[in-house]
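Student: Could you have a look at this structure, given as structure tokens, before my questions?
The values are calculated or read from the model by the stated rules, or taken from the named source; none is laboratory data. These numbers come from a predicted model, not from an experiment. In this analysis, Cβ positions are derived from the backbone assuming ideal geometry, glycine residues included, and neighbour counts consider all displayed protein chains. Just so you know, the surface numbers come from the protein's heavy atoms only, side chains and all, with ligands and any DNA or RNA stripped out. Shrake-Rupley method; radii C 1.70, N 1.55, O 1.52, S 1.80 Å.
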Amino acid sequence: MPSLLKKSEWFKRMNANEINEKLKSGFPEAVVEFKADAVTEPYIVVRPESVRDIAKFLASDPELKFDYLMSLSGVDFNDGNIGVVYHLFSMEKRHRIVVKAKVSKENPEMPSVESVWKSANWHEREAFDLFGIVFKDHPDLRRILLPDDWEGYPLRKDYKVQEYYRGMKVPY
Amino acid sequence: MAELRTEEMVLNMGPQHPSTHGVLRVELVVDGEVVVDAVPHIGYLHRCFEKHAEAMNYQQIVPYCDRMDYLASMNNDHAYVLGVEKLLNIQVPERVEYIRVIMAELQRIASHLVAVGTYGLDIGAFTPFLFCFRDREMILDLFENVCGARLLYNYMWPGGLSHDLTPGFIEKTKAFIKHFRPTIKELNDLLSYNEIFVKRTANVGVLPADVAINYAASGPTLRGSGVKWDLRKDDPYSVYHKFDWDVVVGTGEVGTLGDCWDRYMVRVREMEQSLRIIEQALDTIPDGDVQAAIPKRIRPVAGEVYVRSETPRGELGYYIISDGGQKPFRVKARAPSFVNLSLLPEISRGYLIADLVAIIGSVDIVLGDVDR
């Protein structure tokens with residue numbers, strides 16, 4: 001069982017700036033951007049190809065210990081890029097960080113983080129299903145919410161609803 | 001005689017199996033009666049909430065949130081409006097927060113009653129189910145009294161509530177608490193410590209704490225494994241910090257820590273804690289407006305927010321991106337049932353098919369929440 005921080009020790013939490021510095025010292029090449037003044041929460045943009053190494057680092061570093069992947073969302077940024085947003089939390093240290101990775105719409109490939117956080121398994125399947133992001137080394141990359149033979153990726157901004165599905169007219 | 005060759009068999013459980021509480025299909029690989037692997041197939045209730053949300057303005061999304069986890073609509077709305085308000089950077093009147101907490105906790109009891117009642121039904125106990133639904137009806141009556149709807153409320157709006165409390169609501173709620181508290185003990189005598197029930201659920205579907213965290217489990221599923229983690233305490237929102245109550249965790253009282261019984265019992269004991277919160281909130285509720293002064297057309301600044309709250313099933317998160325327009329650029333719902341269900345294969349391997357029914361019930365999924 002993880003040792004949870006007592007309320008009196010919450011001041012030990014790292015803030016986004018410190019987390020970013022820490023990450024930069026480990027991966028000077030991979031951190032693309034750090035936006036400290038983003039509305040409601042700062043975020044870090046990283047290179048997609050090093051997502052798994054960064055995830056391993058974030059999860060195992062004794063000062064960071066991001067053991068809880070709150071959410072993994074696909075996003076269509078509407079500028080030719082789609083990407084994944086990781087919301088991470090540390091149960092033990094009680095700090096949080098948002099990490100983003102962008103890939104081009106034409107070649108949406110990035111490594112899977114399933115081996116680091118098991119919860120990423122279904123989240124990544126969902127991002128694959130609705131955005132068409134291909135996660136390399138995912139153990140079971142199939143559509144999860146839509147039928148296997150559905151065409152296109154509905155949450156992309158340029159998605160057109162298919163007219164027919166197995167001979168049935170799709171209503172709208 | 002040479003050893004007989006045995007073969008594994010693939011078996012479909014669902015999509016309409018009564019124990020799956022909705023339309024879930026589990027593809028079982030079985031060796032005789034033993035589950036070798038269980039692969040959940042979901043999506044039968046998929047309505048693409050997230051695509052709908054991109055085509056509507058912020059207020060219009062609330063009824064869609066209602067329909068995600070239809071057994072805990074109040075909690076779903078609560079998380080969403082918290083997110084929108086955080087994005088708008090507005091404070092709602094304190095009375096609103098109090099009423100929201102009261103509604104969220106009443107809804108938690110109602111939802112746990114369904115979970116507990118149908119769980120008994122899965123195992124074969126019919127009477128507790130009727131008791132639970134009788135009490136749940138009273139909560140639904142309270143909701144109907146205050147907002148007109150019994151299941152899908154559209155009660156919490158960005159910036160406030162649709163209506164103030166009706167006259168007599170506080171007295172009626174207090175009367176309900178007075179009636180309900182003894183029935184929890186009744187439920188424990190009837191079901192929780194019933195020997196058959198304990199034999200069916202203790203030491204079954206054991207979920208160790210580190211596995212639960214790695215799978216990002218939340219709610220009673222996580223607390224059943226002994227992790228003292230409740231967002232109402234650990235990442236406080238609304239006015240939860242003002243009340244005195246305890247986080248319930250599993251203890252392995254009748255079997256192993258993190259088994260089905262622990263997850264079940266966390267729900268039963270949480271109902272008592274919810275009653276404590278409601279009582280304190282009813283006694284200290286301030287007067288005031290139930291709508292903050294916000295414009296009719298909401299246009300948050302460009303930005304994003306990830307807000308999470310504790311629903312009866314666990315951590316419900318909304319990731320809302322605004323591009324400065326009237327409609328959100330992207331809304332993602334991180335549904336607790338979706339994440340909790342993904343650990344089903346992990347906790348069902350090696351148990352019997354009959355145990356699988358107990359295991360699915362103990363995770364307490366709502367398929368509307370899973371499929372969104």
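Student: Can you give me the % of accessible surface on the protein assembly as shown that is carbon or sulfur? Probe 1.4 Å, all protein chains present, nothing else counted.
Tutor: Working: 11270 of 21470 Å².
It is 53 percent, rounded to a whole number.
Student: As a test of the formula, what do you get for the protein assembly as shown when each DSSP H run with n ≥ 4 contributes -39,500 (n - 2.57) and the sum is divided by the residue count, at 222 nm and rounded to the nearest 500 deg cm²/dmol?
Tutor: Values: 18 runs with 202 residues, N = 544.
After summing the helix terms and dividing by the residues of the protein assembly as shown, the value is -11500 deg cm²/dmol.
Student: With the Cα gyration tensor of region A:60-172 in hand, convert its eigenvalues to equivalent ellipsoid semi-axes via √(5λ) and list them largest first in whole Å.
Tutor: Working: eigenvalues 187, 43, 28 Å².
In descending order the semi-axes read 31, 15, 12 Å.
Student: Now for a different question. Could you give the accessible area per residue of region A:1-144, probe 1.4 Å, as a whole number in Å²?
Tutor: Working: 5940 Å² over 144 residues.
So region A:1-144 comes to 41 Å² accessible per residue, rounded to a whole number.
Student: Here's another thing I want to ask about it. Can you tell me how region B:134-259 classifies by the Cα gyration tensor, rounded, prolate or oblate, using a/c under 1.5 as the rounded cut?
Tutor: On the way: a/c = 2.43, a/b = 1.50, b/c = 1.63.
It is oblate, given that a/c is not under 1.5 and a/b is not larger than b/c.
Student: Let me ask something else. Quick check: from the Cα gyration tensor, does region B:259-318 come out rounded (a/c under 1.5), prolate or oblate?
Tutor: On the way: a/c = 5.04, a/b = 1.47, b/c = 3.43.
It comes out oblate by the Cα gyration axes.
Student: Work out the FRET efficiency for residue B:141 and residue B:181 from their Cβ-Cβ distance, taking R0 = 30 Å, and round it to the nearest 0.05.
Tutor: The value I calculate is 0.95.
Student: In debye, nearest 20, what is the charge dipole magnitude of chain A about its Cα centre with +1 on Lys and Arg Cβ and -1 on Asp and Glu Cβ, if you could check?
Tutor: 520 debye
Student: Can you give the accessible area of residue B:21, probe radius 1.4 Å, in Å² rounded to 10?
Tutor: 50 Å²
Student: Looking at region B:204-223, which residues lose a minimum of 30 Å² of accessible area between their chain alone and all protein chains in place, measuring with a 1.4 Å probe and not counting ligands or nucleic acids?
Tutor: Those are B:213, B:214, B:215, B:216, which lose 30 Å² or more relative to the chain on its own.
Student: With an 8 Å Cα cut-off and a minimum separation of 6 or more residues, compute the relative contact order for region B:2-63 in percent. Please list the in-between numbers first.
Tutor: Details: 72 pairs, mean separation 13.9, N = 62.
For region B:2-63, the relative contact order is 22 percent.
Student: Evaluate the relative contact order of chain B (contact order divided by residue number), counting alpha-carbon pairs under 8 angstrom at least 6 apart; express in whole percent. Write down the numbers at each step before the final one.
Tutor: Values: 726 pairs, mean separation 97.1, N = 372.
Rounded, it is 26 percent for chain B.
Student: Using a 1.4 angstrom probe with every protein chain in place, what is the largest-first accessible-area order of A:22, B:242? Numbers along the way, then the final one.
Tutor: Numbers: A:22 50, B:242 90 Å².
I get B:242, A:22, largest accessible area first.
Student: Could you do me a favour and compute the accessible area per residue for chain B, 1.4 Å probe, result in Å²? Please list the in-between numbers first.
Tutor: Details: 13400 Å² over 372 residues.
Computed with neighbouring chains in place, this is 36 Å² per residue.
Student: Let me spell out the model: positive unit charges on the Cβ of Lys and Arg, negative unit charges on the Cβ of Asp and Glu, origin at the Cα centre of the protein assembly as shown. What dipole size does that give, in debye rounded to 20? Before the final figure, lay out the partial values.
Tutor: Details: 66 positive and 78 negative charges, 210 e Å.
So the magnitude is around 1000 debye.
Student: Additional query: Keeping all protein chains in position, work out how much accessible area residue B:207 exposes to a 1.4 Å probe, and write it in Å² to the nearest 10.
Tutor: Residue B:207 has an accessible surface of roughly 0 Å² with all protein chains in place.
Student: Using only Cα atoms, locate the centre of region B:265-280 and the centre of region B:64-84, then give the distance between them in Å, rounded to an integer.
Tutor: After rounding, the separation between the Cα centres reads 20 Å.
Student: Shape verdict for the protein assembly as shown, please, from the Cα gyration tensor: rounded (a/c under 1.5), prolate (a/b greater than b/c) or oblate. Don't skip to the answer; put the middle values down first.
Tutor: Values: a/c = 1.39, a/b = 1.07, b/c = 1.31.
It comes out rounded by the Cα gyration axes.
Student: Sticking with this structure for a sec: In Å², rounded to the nearest 100, what is the total accessible surface buried by chains A and B against each other with a 1.4 Å probe?
Tutor: Numbers: alone 10100 and 15280 Å², together 21470 Å².
So the total buried area for this chain pair works out to about 3900 Å².
Student: Across peptide A:111-122, how many C-beta atoms of other chains are within 10 Å of each residue C-beta, on average? Provide the component values of the computation, followed by the final result.
Tutor: Numbers: counts 0, 0, 0, 0, 0, 1, 4, 9, 12, 4, 5, 10.
What the average comes to for A:111-122 is 4.
Student: Comparing the chain by itself with all protein chains present, which residues of region B:301-325 are at least 50 Å² less accessible (probe 1.4 Å)?
Tutor: B:304, B:306, B:308, B:319
Student: Okay, moving on. Could you tell me which of the pairs A:157/B:327; A:35/B:332; B:228/B:332; B:86/B:332; A:65/A:102; A:100/A:136 are separated by over 19 angstrom between their Cα atoms in the structure shown?
Tutor: On the way: A:157/B:327 14 Å; A:35/B:332 21 Å; B:228/B:332 27 Å; B:86/B:332 16 Å; A:65/A:102 24 Å; A:100/A:136 17 Å.
Correct reply: A:35/B:332; B:228/B:332; A:65/A:102.
Student: Please state the charge dipole magnitude for region B:249-372, taken about the Cα centre, from unit charges on C-beta atoms (+1 on K and R, -1 on D and E), reported in debye and rounded to the nearest 20. Mind showing how you got there, number by number?
Tutor: Details: 15 positive and 18 negative charges, 162 e Å.
The dipole magnitude comes to about 780 debye.
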